[in-house]
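*Asks:* So that we are looking at the same thing, I have put the structure below in structure tokens.
The values are calculated or read from the model by the stated rules, or taken from the named source; none is laboratory data. Here the structure is a predicted model, which means the values were calculated and not measured. Note that we place each Cβ from the backbone using ideal geometry, even for glycine, and neighbour counts take in every protein chain shown. Surface accessibility is based on the protein's heavy atoms, side chains included, excluding ligands, DNA and RNA. Shrake-Rupley method; radii C 1.70, N 1.55, O 1.52, S 1.80 Å.
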Amino acid sequence: MNLIQVPTYADLSRVAADLICTAVAHNPRSAIVVATGDTPMGAYVELAQRHALGQFDSAHLRVFQLDAYWGLPPDDARSLYGWMWRSFLQPLHISDAQVTRLKGDAADPAAVCAAYDAAVAQVAGFDVSILGLGPNGHLGFNEPPSPADAPTRMVNLTEASIASNARYWGGREHVPPQALTCGMAPLLAAKQTLLLVSGARKRHILQQTLSGPITPEVPASLLRLANHVTVIADQAALGG
Ligand code: PGA
């Protein structure tokens, strides 16, 4: 696990965009799994600017949704697909045909999850994984405890995740209690992972991720067993 320490959130966003651009320049057909949440938004703005300048070619990317609240209709304002569309797909002119969704309103969630893992296998795994860090150590919605072999599946959100997600939607009563999440197994098998961590509220969980016990109780700590993981953290998250 490689740690890049940067002074500010703006630096984090620029460094993350640099690494994503380098990976995609090397392999324009990269299979890339894309987090929502606040942390990666600055990097996505950087990518959109570079795309507008012709410096980032997204035309051949294969994009995978990381997670989805369960039970929301597609036009619900809280849809994580909608958030991904506004922040990543639309600014980068990525077409529907390039995207593998996790449909949170499907009739059969188990079938959706199995189809997703089959699609990941079809592209021989993720080339690039862009992740944020949950305050409880979750990746996507792999809530603690999540073992390393956990597949893509439906989960119950923990109280910590509901409390953390409440700020996106104006209160915890607006956070759906269940979600579909890309599993730990496909995430840990990614050829390259970028874990973006910003802000003082992540200080404790970042320290546990980097140097606490490697345990399903802190799913992000399992990244220390994976290949080519880069944590990009700003000074507020690192403390000291
Ligand atoms: P955040 O969310 O980027 O909004 O902090 C991260 C997460 O909870 O996974």
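*Asks:* Looking at the range 192-204, I want the residues that are on the phi > 0 side of the Ramachandran plot and have a partner that is within 13 Å of the ligand (Cβ to nearest atom) with Cβ atoms under 9 Å, at least 6 apart or on another chain. Which pairs are those?
*Replies:* Gly199/Tyr9; Gly199/Asp38; Gly199/Thr39; Gly199/Asp234; Gly199/Ala236; Gly199/Ala237
*Asks:* Quick one: in the range 206-217, of everything that is among the β-branched types (Val, Ile, Thr) and more than 19 Å from the chain's Cα centre (by Cα), which residue is most open to solvent (accessible area, probe 1.4 Å)?
*Replies:* Ile214
*Asks:* Then there is this: Restricting attention to the range 185-205, and to residues there that are more than 16 Å from the ligand (Cβ to nearest atom) and not aliphatic (A, V, I, L, M), which single residue is most open to solvent (accessible area, probe 1.4 Å)?
*Replies:* My answer is Lys191.
*Asks:* Please list, ordered by first then second residue, the pairs with beta carbon atoms under 7 Å, 6 or more apart or interchain, first in the range 151-167 and closer than 27 Å to Ala121 by Cβ, second within 11 Å of the ligand (Cβ to nearest atom) and of a type in the set (Ser, Thr, Tyr).
*Replies:* Between residues of the range 151-167 that are closer than 27 Å to Ala121 by Cβ and residues that are within 11 Å of the ligand (Cβ to nearest atom) and of a type in the set (Ser, Thr, Tyr), the close pairs are Thr152/Thr181; Arg153/Thr181; Val155/Thr181.
*Asks:* Here's something else I'd like to know. Among (1) open to solvent by 10 Å² or more (accessible area, probe 1.4 Å); (2) modelled with pLDDT of 95 or more; (3) in contact with an Asp or Glu (Cβ under 9 Å, 6 or more places away or on another chain); (4) more than 9 Å from the ligand (Cβ to nearest atom), there is one condition Pro109 misses while meeting the rest; what is its number?
*Replies:* Pro109 satisfies every listed condition except (3).
*Asks:* Here is a follow-up. What are the residues in the range 123-152 that are away from the ligand (no atom under 13 Å from the Cβ) and on the phi > 0 side of the Ramachandran plot, if any?
*Replies:* Those that are away from the ligand (no atom under 13 Å from the Cβ) and on the phi > 0 side of the Ramachandran plot: Ala124, Gly125.
*Asks:* Identify all residues within the range 177-204 that are farther than 15 Å from Gly140 by Cα and touching a Phe, Trp or Tyr at 6+ places or on another chain (Cβ under 6 Å); write none if there are none.
*Replies:* Of everything in the range 177-204, just one residue is farther than 15 Å from Gly140 by Cα and touching a Phe, Trp or Tyr at 6+ places or on another chain (Cβ under 6 Å), namely Ser198.
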